[in-house]
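Novice: This structure is in structure tokens; I'll ask about it shortly.
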């Protein structure tokens with residue numbers, strides 16, 4: 001019988017489900033239990049064959065690749081380090097150390113994800129909690145501009161909708177669920193109540209809810225496509241629940257008003273604590289994007305968009321964020337850590353990556369890896385490397401090594417590059 | 001015949017599965033290679049189910065197969081991925097975040113079902 005590794009953490013999304021069972025046969029993963037369809041591929045589609053680094057597509061020795069990466073970074077006037085969110089926090093710390101060493105700009109995928117949430121937190125604070133508290137206590141859930149039915153497939157069963165907790169012994173029956181979105185998503189269909197807002201109207205709807213919570217009457221009958229009577233009903237439920245939680249996502253951060261939407265929701269939640277216990281939790285996408293925010297904040301005081309060009313950390317969203325850096329051609333070299341901006345950035349920003357030398361550390365193929373000047377095929381944390389990742393509620397979760405491939409980790413390669421740069 | 005509608009991009013289950021297979025895999029290309037539209041919008045623009053549909057912004061254009069989706073009138077949805085990035089501008093309003101949702105987009109039929117997108 002093949003050995004089975006129990007309680008494995010899946011590093012795909014911010015849920016970091018830590019109850020996965022992985023069956024291993026001769027250092028190959030042959031069966032995975034309890035992973036969702038999004039996480040399953042992390043294990044079952046993993047190409048564990050040993051690979052050597054590449055320079056311009058040519059296989060080379062590791063020393064040569066490290067030397068070439070160090071040469072590129074040492075020669076650059078304005079290097080960019082980007083990604084981080086699908087690596088472990090141990091490697092994220094090394095990425096910061098490298099940025100400090102070479103005077104680089106460092107940014108994570110947060111800037112095209114929950115960066116605006118970070119900006120809102122800086123402005124109004126964060127009334128937060130853990131997923132365990134939500135499972136055990138929350139009786140009112142509001143999913144606002146997020147769709148875990150498509151993005152975090154076990155969130156409902158492990159943390160929010162259906163699990164039986166200390167004060168929610170009847171599971172789903174003990175919870176009232178709202179969804180607020182611009183379209184009837186899968187999440188909206190699982191909710192008890194769906195409020196469909198007009199695109200770009202979240203801020204107005206949230207402001208109206210704040211008015212209603214305070215007992216004031218808005219002048220309009222409908223706001224952002226939602227009848228005020230339905231908002232009044234939600235406001236009353238929010239004030240009278242035992243423990244409410246708002247989950248929020250890209251519907252707020254990517255639409256017009258971005259961080260202003262998020263700040264309005266966070267302010268509403270803070271104000272609700274005059275009436276009931278209420279928290280808000282961003283639905284974090286990449287497995288360790290929360291860790292990227294954590295590590296960057298510990299080490300630099302800022303969660304993303306940081307420049308070390310002057311020898312100390314400067315925060316500059318809109319200036320030191322990767323899309324902006326690339327769009328105005330401000331980066332003359334890039335190190336991409338476990339991320340694929342070639343696939344997920346606006347075309348004009350991604351195009352600049354084709355003009356400058358890139359160094360890519362990744363465990364699998366990607367658009368940016370295919371064009372890398374130097375490619376380091378590293379181990380995947382949670383599969384063939386152990387490490388630490390932060391769940392979406394900022395709880396650190398250990399990632400296990402379930403197979404041994406002998407591949408170097410991101411941390412080891414970054415250490416060697418740090419030693420080699422001038 | 002074309003009309004200006006509003007684009008949102010977002011995650012889907014199939015897009016996530018396709019990512020693990022590689023962004024040039026058939027699974028990924030199929031999962032990210034369509035536009036969902038409101039049925040009334042499709043009828044008004046004479047876009048049949050599966051019709052090759054051209055989406056254009058000031059930054060670029062892309063042709064995708066159209067399919068009816070559960071969307072309010074005026075809104076179109078495309079899964080996040082390599083295809084749609086040509087339409088997204090680099091303006092971030094000082095936040096670092098481009099407009100992946102709420103982007104004005106010109107929509108028109110470009111070809112019949114069965115034609116190459």
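Novice: So which residues in the stretch B:74-117 are in contact (Cβ under 8 Å) with a residue 12 or more places away in the chain and part of a helix (DSSP H, G or I)?
Specialist: B:84, B:86, B:87, listed by residue number.
Novice: Also, I was wondering about something else. Can you give me the ranges of the strands (runs of 3 or more DSSP E) entirely in the stretch A:95-181 with at least 2 residues that are over 30 Å from residue A:420 (Cβ atoms) and outside the structural domain of residue A:308 (by TED's automatic domain parsing)? Quick ask: steps written out before the conclusion?
Specialist: On the way: elements: A:105-108, A:140-144, A:176-181.
Of the strands (runs of 3 or more DSSP E) lying wholly inside the stretch A:95-181, those with at least 2 residues that are over 30 Å from residue A:420 (Cβ atoms) and outside the structural domain of residue A:308 (by TED's automatic domain parsing) span A:140-144, A:176-181.
Novice: Continuing with the same structure: Looking at the stretch B:82-95, which of the residues that are closer than 11 Å to residue A:345 by Cα and at the interface with chain A (Cβ under 7 Å from one of its Cβ atoms) is farthest from the chain's Cα centre (by Cα)?
Specialist: B:90
Novice: How many residues, within the stretch B:16-55, are touching a strand residue (DSSP E or B) at 6+ places or on another chain (Cβ under 9 Å) and in a loop (DSSP other than H, G, I, E, B)?
Specialist: Residues meeting the conditions: 9.
Novice: Mind listing whichever residues of the stretch A:182-213 are more than 19 Å from residue A:261 (Cβ to Cβ) and in contact with a helix residue (DSSP H, G or I) (Cβ under 9 Å, 6 or more places away or on another chain)?
Specialist: Restricting attention to the stretch A:182-213, the residues satisfying the condition of being more than 19 Å from residue A:261 (Cβ to Cβ) are A:184, A:186, A:189-193.
Passing the criteria: A:186, A:189, A:190, A:193.
Novice: Got a number for residues in the stretch A:325-369 being out of contact with any helix residue (DSSP H, G or I) (no Cβ under 8 Å at 6 or more places or on another chain) and surrounded by 24 or more Cβ atoms within 10 Å (Cβ to Cβ)?
Specialist: 2
Novice: Let me ask something additional. Being within 14 Å of chain B (Cβ to nearest Cβ), over 17 Å from residue A:110 (Cα atoms) and touching a strand residue (DSSP E or B) at 6+ places or on another chain (Cβ under 7 Å) is the filter here; which residues of the stretch A:333-350 pass it? I'd like the intermediate steps shown before the answer.
Specialist: Just the residues of the stretch A:333-350 that are within 14 Å of chain B (Cβ to nearest Cβ), to begin with: A:338-350.
Filter again for over 17 Å from residue A:110 (Cα atoms), leaving A:347-348.
Within the stretch A:333-350, A:347 is the sole residue that qualifies.
Novice: Of the residues A:315, A:320, which single one is farther than 27 Å from residue B:16 by Cα and crowded, with 24+ Cβ neighbours inside 10 Å?
Specialist: Values: A:315 fails: crowded, with 24+ Cβ neighbours inside 10 Å.
After applying the criteria, what remains is A:320.
Novice: Which number in (1) in contact with a strand residue (DSSP E or B) (Cβ under 6 Å, 6 or more places away or on another chain); (2) more than 10 Å from every other protein chain (Cβ to nearest Cβ); (3) within 24 Å of residue A:116 (Cβ to Cβ) marks the one condition that residue B:58 misses?
Specialist: In the conditions (1) in contact with a strand residue (DSSP E or B) (Cβ under 6 Å, 6 or more places away or on another chain); (2) more than 10 Å from every other protein chain (Cβ to nearest Cβ); (3) within 24 Å of residue A:116 (Cβ to Cβ), residue B:58 misses (1) alone.
Novice: Somewhere in the stretch A:356-368, is a residue closer than 21 Å to residue A:116 by Cα, part of a helix (DSSP H, G or I) and within 11 Å of chain B (Cβ to nearest Cβ)? Spell out the reasoning first.
Specialist: If we filter the stretch A:356-368 for residues that are closer than 21 Å to residue A:116 by Cα, which is where we start, we get none.
No: the stretch A:356-368 contains no residue that is closer than 21 Å to residue A:116 by Cα, part of a helix (DSSP H, G or I) and within 11 Å of chain B (Cβ to nearest Cβ).
Novice: Return the residues of the stretch A:242-267 that are in a helix (DSSP H, G or I) and buried (at least 21 other Cβ atoms within 10 Å of the Cβ); say none if nothing qualifies. Walk me through it before giving the result.
Specialist: Kept after step one, since they are in a helix (DSSP H, G or I), are these residues of the stretch A:242-267: A:250-253, A:258-267.
Those that are in a helix (DSSP H, G or I) and buried (at least 21 other Cβ atoms within 10 Å of the Cβ): A:250, A:251, A:252, A:253, A:258, A:259, A:261, A:262, A:263, A:264, A:265, A:266.
The values are calculated or read from the model by the stated rules, or taken from the named source; none is laboratory data. Just so it is clear, the model here is predicted, and its values are computed rather than measured. Don't worry about glycine lacking a Cβ; one is built from the backbone with ideal geometry, like all the others, and counts go over all protein chains shown.
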